[in-house]
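The values are calculated or read from the model by the stated rules, or taken from the named source; none is laboratory data. A quick note: this is a predicted structure, and the numbers were derived from the prediction, not measured. Quick reminder, even Gly has a Cβ in these numbers, built from the backbone with ideal geometry, and neighbours come from all protein chains shown. Keep in mind that these areas ignore ligands, DNA and RNA; they rest on the heavy atoms of the full protein, side chains included. Shrake-Rupley method; radii C 1.70, N 1.55, O 1.52, S 1.80 Å.
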Amino acid sequence: MEESTSREKVLKKVRKALIQKSPTEILDVDKDSNVYTPSQDSMEVQFAKQFSLIGGKFVFCESENEFVENLSLVAGENKWENVFCVEEELQHLLLDTTISYSSGEKDLSKTNVGITTCECLIARTGSAIISSKQLSGRRLPAFANIHIIVAYSS
């Protein structure tokens, strides 16, 4: 019988692998040891290090006021235009800045800078989880050249 699709070829190989048992038995598998070595740093420091290693720019702020000051400075230095923010809690913070922003759907395609929150941060890899649960969803990073993520250590 001749396989007509790639799918059938792959399934045939899987069936063959399941039928044939491996001659080598795996013994003494250590299931209790940590896969990763524990870090001596706090989660915040570990995240900042890993995030910076993958090319991100990290700014730790002690308060929302400090965040507003830092954001205003960075926005002024870089002459940001076309800032997009749809999340109300972040819009409230932006009111204390000189940064003008838009939040309409029609403005999303012209966005250069996007500001959002995230679901969570992953300290070990320096990653942020952005999901469709958020108002701007996962589409904002596709439009914005610069993506600012506001996250709290809690």
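So HIS147 passes all but one of these: (1) part of a strand (DSSP E or B); (2) out of contact with any Gly (no Cβ under 6 Å at 6 or more places or on another chain). Which condition number does it fail?
It is condition (2) that HIS147 fails.
Taking GLY56 as the residue in question, decide whether it is within 30 Å of THR37 (Cβ to Cβ) and out of contact with any helix residue (DSSP H, G or I) (no Cβ under 7 Å at 6 or more places or on another chain).
yes
If I filter the stretch 99-126 down to residues being without any contact (Cβ under 8 Å) to a residue 24 or more places away in the chain and touching a Phe, Trp or Tyr at 6+ places or on another chain (Cβ under 8 Å), which single residue comes out as surrounded by the fewest Cβ atoms within 10 Å (Cβ to Cβ)?
SER102
In the stretch 16-33, is there at least one residue being open to solvent by 100 Å² or more (accessible area, probe 1.4 Å), in a helix (DSSP H, G or I), under 30 Å from GLN91 (Cβ atoms) and not basic (Lys, Arg)?
No.
Could you check the stretch 56-72 and list, in sequence order, the residues that are open to solvent by 60 Å² or more (accessible area, probe 1.4 Å) and within 19 Å of the chain's Cα centre (by Cα)?
Result: LYS57, PHE58, VAL59, PHE60.
Please state which one of LYS106, LYS79, LYS133 is under 25 Å from PHE47 (Cβ atoms) and over 13 Å from the mean Cα position of the chain (by Cα).
On inspection, the qualifying residue turns out to be LYS133.
List every residue pair whose Cβ atoms lie under 8 Å apart, where the two residues are 6 or more positions apart in sequence or sit on different chains, the first residue falls within the stretch 68-82 and is without any contact (Cβ under 8 Å) to a residue 60 or more places away in the chain, and the second residue, located anywhere, is surrounded by fewer than 17 Cβ atoms within 10 Å (Cβ to Cβ) and charged (D, E, K, R).
Every condition considered, the pairs that remain are VAL68/ASP96; ASN82/ASP107; ASN82/LYS110.
Within the stretch 127-144, which residues are open to solvent by 60 Å² or more (accessible area, probe 1.4 Å), of a type in the set (A, V, I, L, M) and not in a loop (DSSP other than H, G, I, E, B)? Please lay out each step first, then the result.
Start the filter on the stretch 127-144 by keeping residues that are open to solvent by 60 Å² or more (accessible area, probe 1.4 Å), which leaves 129, 132-133, 135, 138-139, 142-143.
If we keep only those that are of a type in the set (A, V, I, L, M) too, we end up with 129, 135, 142.
Answer for the stretch 127-144, where residues must be open to solvent by 60 Å² or more (accessible area, probe 1.4 Å), of a type in the set (A, V, I, L, M) and not in a loop (DSSP other than H, G, I, E, B): ILE129, ALA142.
I'm trying to understand the selection: among the residues of the stretch 98-154, which are polar (S, T, N, Q), within 15 Å of LEU71 (Cβ to Cβ) and touching a Leu at 6+ places or on another chain (Cβ under 9 Å)?
Selection gives SER100, THR116, THR117.
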